[in-house]
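First comes the structure, then the notes that go with it.
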Amino acid sequence: MFGAYGVRMVIGLALILAALPVAAWPGTEARLFKADPHMTKNHKIVIAHRGASGYLPEHTLPAYAMAYALGADYIEPDLVMTADHRLICLHDIHLESTTDVERQFPARKRADGRWYAADFTLDEIQQLNVTERTQPDGSRVFPGRFKADAQGFKVPTFDAVVEMVQSLNRETGRDVGLYPETKAPEFHDEEGLPIERTLLDQLAAYGYAGRDAKVYIQSFGFDNLREMREQMGSDLPMIQLISDAPAYDELVTPAGLATIAEYADGIGPDKRRIADTHGGLVKLAHAQGLKVHPYTFRADQLPAGTRRLEDELRRYYFQYGVDGLFTDFTDIAVEVIHPDYRPRLYPR
Ligand code: G3P
Ligand code: CA
């Protein structure tokens, strides 16, 4: 109907329109995501554990961006500090399990044979390539995930993640939050690295303030959150992490939960603590006004007797009644909470 020239014109116009920034479309902001059910207040939330780490190398900008696109409510960066006091996104205080530091800086290991992020400047760390997580023997932790010889994935700064999420929020009209974890607070104290103060200052600089801020600060530290709340004066939402180690047992008693409620807004327990109590821990925590966000839910690491991740997620969301959860597979959790929702970035 258009002829060859017309077809080229239409294709050219489509390419130009596709390249235009979202803000250039009339009425974009008003229409964006207003009808999305998972943007309503107080719904059960999906926390993108280390980004969309089921699909892309954990704690990289692509993994965070994919999680955003899949419909996460919160993006989870684990944080450690560099020698020059920069916050970077990394699960471990060591670098060798998720980067090629051993190849690039063979002489920089400590006497214990490990490479510490705290011994490297940000410039040095940004030379590293991030890979899928490996065991000490070099084997893959999750063999079915992204290819082992990935190139071009880098360790991001916390700044970069905040700016990416905030920019995407401006473009899409969504209000996706951040869920940063201060890793190994005692280690950082010993190294003279002020991870808590730096995190609070950066969050403040980016406009996160007050009880309604779209952020949760989380920590496994026993005094870490209380220090930020009481000594550093932060009123940002906070989540006390609770592992399955015996040292945490007293935190899941009624008295322990009442103590947590003095300084935190919720708990982030190992999911087995909820299954072991058949949901009893959720009720105890809710009785103290605490939210419950267990970890970690993985399609490729299911508990015995569970066939599909969605079955496990339904059990925790709807039978045990958790308020949110950490998952490597944001897409599956979003689908469980909002069966009719199809993740879409562009305006409808
Ligand atoms: O922070 C809660 C969740 O992420 C589980 O801990 O070890 O994966 O940081 P981890
Ligand atoms: Ca974490």
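Okay, here's what the table says:
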item: Residue order for 248, 68 - accessible surface, 1.4 angstrom probe, largest first; result: 248, 68
item: Derived scalar couplings ³J(HN,Hα) [the stretch 152-157; Karplus, 6.51 cos²θ - 1.76 cosθ + 1.60; whole Hz; x for Gly, Pro]; result: x, 8, 10, 7, x, 6
item: The chain: proportion of alpha-carbon pairs further apart than 27 angstrom, %; result: 50
item: Amide H partners (placed H, <5 Å) of residue 239, local residues excluded; result: 217, 218, 219, 265
item: The stretch 123-211, relative contact order in percent, only Cα pairs under 8 angstrom and at least six apart counted; result: 20
item: Helical segments meeting 18 Å axial Cα length and Kyte-Doolittle -0.5 threshold in the chain (DSSP H); result: 3-19, 158-172
item: Under Karplus coefficients 6.51, -1.76 and 1.60, residue-wise ³J(HN,Hα) of the stretch 214-221 in Hz, glycine/proline x; result: 7, 8, 10, 8, 10, 7, 7, x
item: Accessible surface, per residue, of the chain when the full set of protein chains is kept, probe 1.4 Å, Å²; result: 46
item: Table column - 3J(HN,Hα) (Hz), the stretch 79-88, Karplus curve with 6.51, -1.76, 1.60, x for Gly and Pro; result: 10, 9, 10, 8, 4, 9, 6, 9, 7, 10
item: Gyration tensor (alpha-carbon) shape descriptor, the stretch 85-133, a/c threshold 1.5; result: rounded
item: Computed FRET value (nearest 0.05) for residue 258 with residue 186, which takes r as the C-beta separation and R₀ as 35 Å; result: 0.90
item: Portion, in percent, of the accessible area of the chain that falls on carbon or sulfur, probe 1.4 Å; result: 55
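The values are calculated or read from the model by the stated rules, or taken from the named source; none is laboratory data. Because the structure is a prediction, the values reported are computed rather than measured. For neighbour counting, all protein chains shown are included, and Cβ atoms are generated from backbone atoms with ideal geometry for every residue, glycine included. In case anyone asks, the SASA skips ligands and DNA or RNA and just uses the protein heavy atoms, side chains included. Shrake-Rupley method; radii C 1.70, N 1.55, O 1.52, S 1.80 Å.
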